[in-house]
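Working notes for the structure below.
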Amino acid sequence: MRELKGLLGLWYRELLVFWREKSRIISSLFSPILWLVVFGGGMGTVSHVEGVNYQTFLFPGILCMSVLFSSIFFGLYIVWDKRIDFFKEVLVAPLSRVTIFTGKMLGGTTDSLIQGAILLSLGLFFGIHYSVFSVVAAMLILFLLSAALVSLGLMIGALIDSLEGFNLFVSFLIFPMFFFSGALFPLENLPNWLKFFTFIDPVTYAVDAMRGVLLNLNRFPLGLDFLILGAFALFFISAGTLAFRKLK
Amino acid sequence: MANPVIEVKDLTKKFNGFTAVDSVNFEVDEGCVFGLLGPNGAGKTTTISMLSTLLRPTSGAAHINGHDVQKDPAAVRRSIGIVFQDPSSDDILTGRENLLLHCLLFDVPNAEIKSRIEWALKLVDLTEWQNTLLKKYSGGMRRRLELARGLLHKPRILFLDEPTLGLDPQARENIWVHIENLVKVEKVSIILTTHYMEEADRLCDRVAIIDHGKIIVSGTPTELKTGIPEPKRPPEVLKATLHDVFLYYTGKQLRESGDTAEGGFMQKVMNFTKKNR
């Protein structure tokens, strides 16, 4: 009960911060919309993929991209917290590190999900048809993806002490994760080397599942996508918890 | 005779072969203010970090309010309130929200949260400012809020690490008055570290001077002041102050490299922020 209360406290703090920095939501939507409207719109004039307009095909991929960026970059706040020393107050609280990590993780995941939900609703303008099932399943995919990636970001943030170092490290990680995920192209007929990197990228399975749910265009069975995403989430949550144990 | 609320026995901390704290022994009695004085890098912050369970001692033992810092860190954390050297409140939250967060993190009973926050705000005269974002607080106001926050879970012992560092004389006087009130009214025991001798002289019942990780001398400020030879100065300022005592025992050499010697988290963060300023 004590741990749960601490967890709620940490979550509450993250939500307050998010609410106070509403401009973050606007700026986080800017780049996905640019991708959809300009890149998607431009390519859409010349290409169709598997029977749908390229812009529509691109939508699930960009949805996952936006969650990828906002989730991993959430780790930056841990670096920031360490710098302003707010975190010391949290570390001396009589709470387990698992609780502290989970509170942060839920905060970051909530941020990402709010952004994801706004973007998902914009799918109306990009040829997406919704059903109750597709909306619920899409949010579940975003939740698993963002739980995995927020944990990854927090783990990196816990290990790195400077904001510049965090940015550098994360850009090396985030762009390959985006490009190899198949967010921009179909997974069929890829050359072997590209296939390899695509298969080890967790984002691939989110994009595939999202395409399945919204456009019925998945390559792997949906169950498998969820299973792999869930496994990645568990793995990164455990790794992040370990990194938090080491925090002094 | 009062009971000791802090008992430290042969406490030692080594970082990669460097001994930051070397077999330190002391006791703090209930209701007393104990001052830990020392030059930069002497081991003050490392000692405080071990007592507050942020760092594990290499050897030795410490009991806070009867709880072992190594065996029962959670009980120790519930018994103590800490005001850190650097601001550790969240500047994007209001004063009240910072206090509420602390209540949730430290498991203050739900029914008491509201009244404790009101009480703490009143204690440090910040009731009017409770709904202002911390960004807009002055350095002294932030300190006061952190002082109040440290008391919300009703700890018996308060740790103050350089409580008035970087404050102007008015704000410092104000913090001192608040600390004196806490001891008188709330009956908390306090352990504080400071560089300011007049601060130690005014607030502390006992002080210990620590250098190179060892306690060189300890006693009441009066004992210490009469225990050294009279300073060579004109008669109107003849009497030794705690400042003289400090320099007598620790020497006048500057400790430029002292900071890097301490490997504690707080020190690291402090060095980091300094470098990037």
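The values are calculated or read from the model by the stated rules, or taken from the named source; none is laboratory data. In this text the structure is predicted, and so the values were computed from the model without any measurement. Heads up, the Cβs are rebuilt from the backbone with ideal geometry, glycines too, and the neighbour counts pull from every protein chain shown. These accessible areas exclude ligands, DNA and RNA; they are computed on the full protein's heavy atoms, side chains included. Shrake-Rupley method; radii C 1.70, N 1.55, O 1.52, S 1.80 Å.
DSSP bridge analysis restricted to chain B gives an antiparallel fraction near 55%, rounded to the nearest 5. Antiparallel beta bridges, as assigned by DSSP with both residues in the protein assembly as shown, represent about 55 percent of the total such bridges. Within the accessible area of segment A:152-242, the carbon and sulfur atoms contribute 75%, probe 1.4 Å, all protein chains present.
Around A:Ser134, with a cut-off of 15 angstrom between Cβ atoms, what is the net charge of the other residues, counting Lys and Arg +1 and Asp and Glu -1?
Around A:Ser134, the charge tally is -1.
A DSSP coil position with no more than 14 other Cβ atoms inside 10 Å describes the following trypsin sites (Lys or Arg not before Pro) in segment B:40-118: B:Lys71.
For chain A, the membrane-span-like helices by this rule, meaning whole DSSP H stretches whose C-alpha atoms cover at least 15 Å of axis and whose Kyte-Doolittle mean is 1.6 or above, are A:132-159, A:163-179, A:222-245; this says nothing about an actual membrane. Here is how the number arises for chain B: DSSP H runs of 4 or more residues each give -39500 (n - 2.57), the sum is divided by the residue count, and the result at 222 nm is -10500 deg cm²/dmol. Take the Cβ atoms of A:Phe125 and A:Leu15, set R0 to 22 Å, and the FRET efficiency comes out at 0.20. Here r is the Cβ-Cβ distance between A:Val38 and A:Glu3 and R0 is 45 Å; the resulting FRET efficiency, rounded to 0.05, is 0.45. Loop sites here are GluC sites (Glu not before Pro) outside DSSP states H, G, I, E and B with no more than 14 other Cβ atoms within 10 Å. The longest part of chain A free of them is A:51-187.
Taking accessible area as the heavy-atom solvent-accessible surface of the protein chains with a 1.4 Å probe, which residues of segment A:81-109 lose no less than 40 Å² upon going from the isolated chain to the full protein assembly? Buried by the other chains: A:Arg83, A:Ile84, A:Asp85, A:Phe86, A:Lys88, A:Glu89, A:Val92, A:Pro94. Highest GNM mean-square fluctuation among B:Leu152, B:Leu247, B:Leu134, for chain B modelled with Cα contacts below 10 Å: B:Leu247.
Placing pseudo-labels 7 Å out from each Cα toward the beta carbon at B:Glu173 and A:Ala231 gives an inter-label distance of 7.0 nm.
Annotation for A:Trp80 and B:Asp125: the two label points, set 7 Å from Cα along the Cα-Cβ direction, are 3.3 nm apart. Derived scalar couplings between HN and Hα for segment B:116-132 equal 5, 5, 4, 4, 5, 4, 5, 4, 10, 6, 10, 3, 5, 9, 4, 9, 8 Hz in order, rounded to whole Hz, by the Karplus curve 6.51 cos²θ - 1.76 cosθ + 1.60 (θ = phi - 60°), x for Gly and Pro. For segment A:76-193, the square roots a ≥ b ≥ c of the C-alpha gyration tensor eigenvalues yield an a/c of 1.5 or more together with a/b not exceeding b/c, which makes the shape oblate.
In segment B:50-69, which residues give up 20 Å² or more of accessible area once the other protein chains are added, compared with their chain alone (1.4 Å probe)? Those residues are B:Leu54. Computed with a 1.4 angstrom probe on protein heavy atoms, the B-A interface buries about 3100 square angstrom of accessible area in total. What percentage of the solvent-accessible surface of segment B:90-191, computed with a 1.4 Å probe over protein heavy atoms, is contributed by carbon and sulfur atoms? Taking all protein chains in place, segment B:90-191 shows 53 percent carbon and sulfur surface.
Which shape class applies to the protein assembly as shown: rounded if a/c is under 1.5, otherwise prolate when a/b exceeds b/c and oblate if not, where a ≥ b ≥ c are the square roots of the Cα gyration tensor eigenvalues? Since a/c reaches 1.5 and a/b is larger than b/c, the shape of the protein assembly as shown is classed as prolate. Once both labels are positioned 7 Å from their Cα atoms along Cα-to-Cβ, the gap between B:Thr58 and A:Asn167 label points is 3.9 nm.
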